[in-house]
Each structure stands twice: as C-alpha cells, then as structure tokens.
Amino acid sequence: MGFVYGIDIGGTNIKLGIVDSGGGVVKEGMIPTGAEEGPRAVTARISKWFDSCKKNIPDIDRVGVGCAGLVDSKKGILFSSPNLPGWSNVELGKLFSEELNLPAIIDNDANCAAYGEFRLGAGKGVKHFICVTLGTGVGAGLIINGRLHRGFSGQAGEIGHTLIKVEGRLCGCGNRGCLEAYIGSSAIVERAKKMLEQESGNSLAGVEQLSVKDITKAAEDGNEIAIRTLEKTGWYFGIGLVNAVHIINPEVIAVGGGVSGAGDLILNPTRESFAEHVMNDIFLDVRIVTAQLGNKASFLGAAMLAFDHKQED
Ligand SMILES: [Zn+2]
C-alpha cells in the first residue's frame, strides 16, 4: 500500500500530511504560508518539512495540492489567488513535481474539500453531492455521478458568485447581488452591526472586531440579535442552495468552512428557506448537513485526488 503527500495552501497557513489510501493520516503538520517569499521558496519549505518526517515511509508516490484561487487542474496552473498576493500564473504542478520529485496534482481548495468529504466524510457513498465552504469566501465543489465535476475550464462550483438579487449588494468580485455578498463572514458581521445600531445595551455591542464566532457564541447563549443575524443569513443561503439544487439535484449538501461552526443555528433557517423557495416538493429529499472533516478536508481531499488519479492511469 502506497502513501501520498497531501497539502492545503491557505493564505495564512499550509496544512500538510502523509496519507494512506484509506485516508489515514500517518504524519500531520502546519507551517506558515509566507506567500510573500514567492512560490519557489514556499515549495522548498514544504519539501523540507516532508523530508524531515518521511523516514520509515519509503513508498510515497504522489503529491496532491489544494490551493485557494483560480486553478487549472489539467495544466497544473494557479492563475491567481486573493489569499496569495503576487502568485499569478504559477506552474504549481511543475514546481511541486520538481521540488518533491513526484508526480503532482493540484486543484482548487473547495474542490479538494468536496472530494475529501465525498471520499471520507459527509458525502461518503453519495454519488450526487455538493460541498459548500462557508467563510470569508463562499465556494463549492460538485460531485456528479461519483466524479468531481470541474467544468470546461476547471472553474465549476462558484456558488458564492451566483446571483441572488438583481443589482444587490456589491461583492468582492466586482458584481452585485452575489450570494457571497449576503452570507460571507463579513456580510454576517455587517448584518449584526446594523441590527445592533437599533438596539442599545446588547452584549454584542461592545465586542471589538466582532466576528462570526462571537455572533455564534452569543446566539448559543440566547442573544436575540445574534440569532436573528444567523436566521437572516440562513434565509439567503437557502435561496442560494435552491438555485444549485435546481441544477444539480444532489442527494446531500454538506456545509463546511469557518461559518459552518454555527451548525443548526444557521442550517435550520437555511433548510426552512430552502423548503420555502424550492419549485417543487420533489427536491425536498436533499439532506443539508454539516461537513465532517473540519479544516482537514482540503489536504485529505488533495491526497485522495492524488490516489484516485493514480488508479485512473
Ligand atoms: Zn461575486
């Protein structure tokens, strides 16, 4: 049985692991990204980390890399990433192959997370599956008929930039009315702040640099504004999911990413809104659940993509 390296390159940290074919993690670690050093130096640091811990694991034969941003997985190129300033048109696949002396597969981190959940988590055994990552950005990976669906140019799954309101709120992508502009973490915080302006004496009002985590905690403690903030967010999220479900007709939708820590406080209103907006009850058989692999989803998924690619050779 062979092993692969799994890597998840985020804006702040890189998660790394040596993974077996069943998804078991033999070694695991995290190093700072240091994107400003440039891709070659960062790749060299990753290689060093693996060198230091691969002893007694002789048969490592591939590497899978997940990376935030626009990725062409076929060509192994990272076009650009909002989290990795200056990394544009980087031949990441080639870079990793050369540095680690192994065949390398790269993909978008949302695709990797979806694939990880599909193989090892909330989408195990599910042939039609959507995994949504909720955080600062809102992305998704699509599994259609048991395969990761990347689309013609590898960019499928941008659920965060599907439009839910004509001429609506300005999104980070430059368009108006995108789902992300309503349910991304900064939109949630802004929603709470707006509600707080209308009510004095709320315990959240004094919190500096209010975060979704603070709002979730307050909601758990019964804070009405926090509860309503998450309810409204779920209401928008349900509309976004209706659009996705009408096109993909999945069996399960798993929700991961930082914001998903709010659990049913956000997912219950999401399910209600979904049921309210769906065009026919036939679509109500979809299960909307919390993802299971937490922040390991991307590096595990990248590793599993590396394994499965090997099997397709
Ligand atoms: Zn957008």
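What follows draws every value from the coordinates through simple rules; no lab data is involved. On a predicted model such as this, the values are computed, not experimentally measured, just so you know. Positions of Cβ are generated from backbone atoms using ideal geometry, with glycine treated the same way; all protein chains shown enter the neighbour counts.
To check you understand DSSP bridge types, tell me what percent of the beta bridges within the chain (both residues inside) are antiparallel, rounded to 5.
Taking every DSSP beta bridge with both residues in the chain, the antiparallel ones total about 55 percent.
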How large is the charge dipole for the chain, taken about the Cα centre, if only the Cβ atoms of Lys, Arg (+1) and Asp, Glu (-1) carry charge, to the nearest 20 debye? 400 debye
Please go through region 90-155 and write out the chymotrypsin sites (Phe, Trp or Tyr not before Pro) that DSSP classes as loop and that have at most 15 other C-beta atoms within 10 Å. Phe152
For the peptides 65-75, 31-41, 277-287, what is the packing order when you average, over each peptide's residues, the other Cβ atoms within 10 Å and list the highest mean first? 65-75, 31-41, 277-287
As an exercise, identify the GluC sites (Glu not before Pro) in region 172-204 lying in DSSP coil whose Cβ has no more than 14 other Cβ atoms within 10 Å. Glu199
Determine the principal axes of the Cα atoms in the chain, then give the extent along each, sorted from largest to smallest and rounded to whole angstroms. 60, 45, 34
With only helices counted (DSSP H, runs n ≥ 4, each -39500 (n - 2.57)), the per-residue ellipticity at 222 nm for the chain, to the nearest 500, works out to -12000 deg cm²/dmol
Antiparallel DSSP beta bridges within region 124-292, as percent of all bridges there, nearest 5: 55 percent
List the pairs from Lys15/Lys124; Lys74/Lys165; Lys75/Lys165; Lys127/Lys213 whose alpha-carbon separation is above 28 Å, in the order I gave them. Lys74/Lys165; Lys75/Lys165; Lys127/Lys213
Using Cβ counts within 10 Å as a stand-in for footprinting exposure, how do Phe274, Phe299 rank, fewest first? Phe274, Phe299
